[in-house]
Each structure stands twice: as C-alpha cells, then as structure tokens.
Amino acid sequence: MELNLPAILTPDLGLLFWMAIAFLVVFGVLAKFGFPAIIKMVDERKQYIDDSLRKAHEANEKLANIQKEGESILQEARERQAQILKEATATRDAIVEKAQEKAREEGARLLSEAKAEIESEKQAAISDIRRQVATLSVEIAEKVLREKLSTDKAQMDLIDRMLDDVSSSDKR
C-alpha cells in the first residue's frame, strides 16, 4: 500500500531551499539584534531581582540590628529609670531627715525661748510682788506709826530709841 500524500504536504526542493534561506535570514537578524536585546533584558531583570534580594537581606539585617539596639536602649532606659528612682528616694529621705532635724532644732529653740520668757516673766512677777509687798509694808508701818505716834510725847520717845539704836550699832 502506497500512501499518496497530496502535493501541498510534500514541499518541493526549491521551496525548502528558500524557506531555509528565509529562516537563516530571520535567525541572523534575531541573533544580531533580537537575542542580545532579549538576553540584556533577562540579565537586567536577573540583576534587578538579585539587587532586590540583596537589599531585602540587608534590610532584614538592619532590622535585626535595630531591634537589638532598641532592646539595649530599652534595657539602658530601665536601668537609668531605676537609678533615677533610687536617687529620688535618697534625695527625698535626705530632705525629710533635714526637715525633721530642722523641726527638732526649731522646737528646741522655741522651747528654750519659752523657758527664757517664762523665767523673765517669773523674775518680773517676783520683782513686782516684792515692790508691792514693800509698798504695802511701808503703808502699814506708816499707819501703825501714825497711830502710835499720834502724840508728841510718843514721837519723842521713838526718836530717842532710834538714836540709841543707831549709836549702839555704830559702836559695834
């Protein structure tokens, strides 16, 4: 059995030759202008992807470093906060102690001033009482003497007695 293929399916040798020439011309033009442009674009795309991957890797490293720095800064801040709180507590305690000491000193000063004032008022009162007692004594003595010395004879007797007492005390 023989197969008869139509003439369209079996190309002619001349047609094959011209098809090969056309293919080689198209292939030559593509090899000269098309393939380098395509390869350049593919290389540029590969370079862009490689750069993007490298930048992404660097960004991840920077992010990790920033996180580490952030943690260390946070730890430093916590330590500084604890130190500041400790200093503030010490300062507060010192201020409270100073205020208590000042209050004790002020209390002692006020107490000593009060004692001094009480003592001076006591001395003034004693002096006043003595003066009043002396005045009263003189007034009482004056009244007693007036009664006793209401006569001239009694006055002369008293004067003589006093002169005798003064002269006897001068002799001693």
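Report the extension gain between GLN132 and LYS115 in nm, rounded to one decimal, defined as 0.36 nm multiplied by the number of residues separating them, less their alpha carbon distance.
Details: separation 17, 0.36 × 17 = 6.12 nm, distance 2.51 nm.
So the extension gain works out to 3.6 nm.
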For this session: With N denoting the number of residues in the chain, provide Rg(C-alpha) divided by 2.2 N^0.38 Å, to two decimal places.
Result: 4.29
Problem set entry | Local electrostatic count at LEU136 - Lys and Arg +1, Asp and Glu -1, tallied over other residues with Cβ under 14 Å | 0
Exercise. What are the lysines whose alpha-carbon lies under 23 Å from the alpha-carbon of LYS32, with same-chain residues fewer than 8 places away excluded?
Worked result: LYS40, LYS46
Exercise. Cross-link partners among lysines for LYS98, C-alpha distance below 28 Å, same-chain residues fewer than 8 apart left out?
Worked result: LYS86, LYS115
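Just add up the charged neighbours of HIS57: K/R +1, D/E -1, any other residue whose Cβ is under 13 Å from the Cβ of HIS57. Display every interim value, and only then the final one.
Values: positive: ARG54, LYS55, LYS62; negative: ASP50, ASP51, GLU58, GLU61.
The answer is -1.
Given the DSSP H assignment, sum -39500 (n - 2.57) over each helix run of at least 4 residues in the chain and divide by its residue total; what's the result at 222 nm in deg cm²/dmol, nearest 500? Kindly include the intermediate steps, with their values, before the conclusion.
Numbers: 3 runs with 151 residues, N = 172.
Computed ellipticity for the chain at 222 nm equals -33000 deg cm²/dmol.
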Seminar exercise, completed: As straight-line cross-link partners of LYS153, the qualifying lysines (C-alpha separation under 26 Å, not fewer than 8 residues apart within one chain) are LYS143
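In the neighborhood of LEU111, defined by Cβ-to-Cβ distances under 12 Å, what is the net charge if each Lys or Arg adds +1 and each Asp or Glu adds -1? Intermediate results must be reported in sequence, preceding the final value.
On the way: positive: ARG104, ARG109, LYS115; negative: GLU105, GLU106, GLU113, GLU117.
Local net charge: -1.
Every read-out reported here was derived from the displayed coordinates using simple, explicitly stated rules and does not represent laboratory data. The structure displayed is predicted, hence computed values, not measured ones. Using ideal geometry, Cβ is built from the backbone for each residue, glycine included, and neighbour counts are taken over all protein chains shown.
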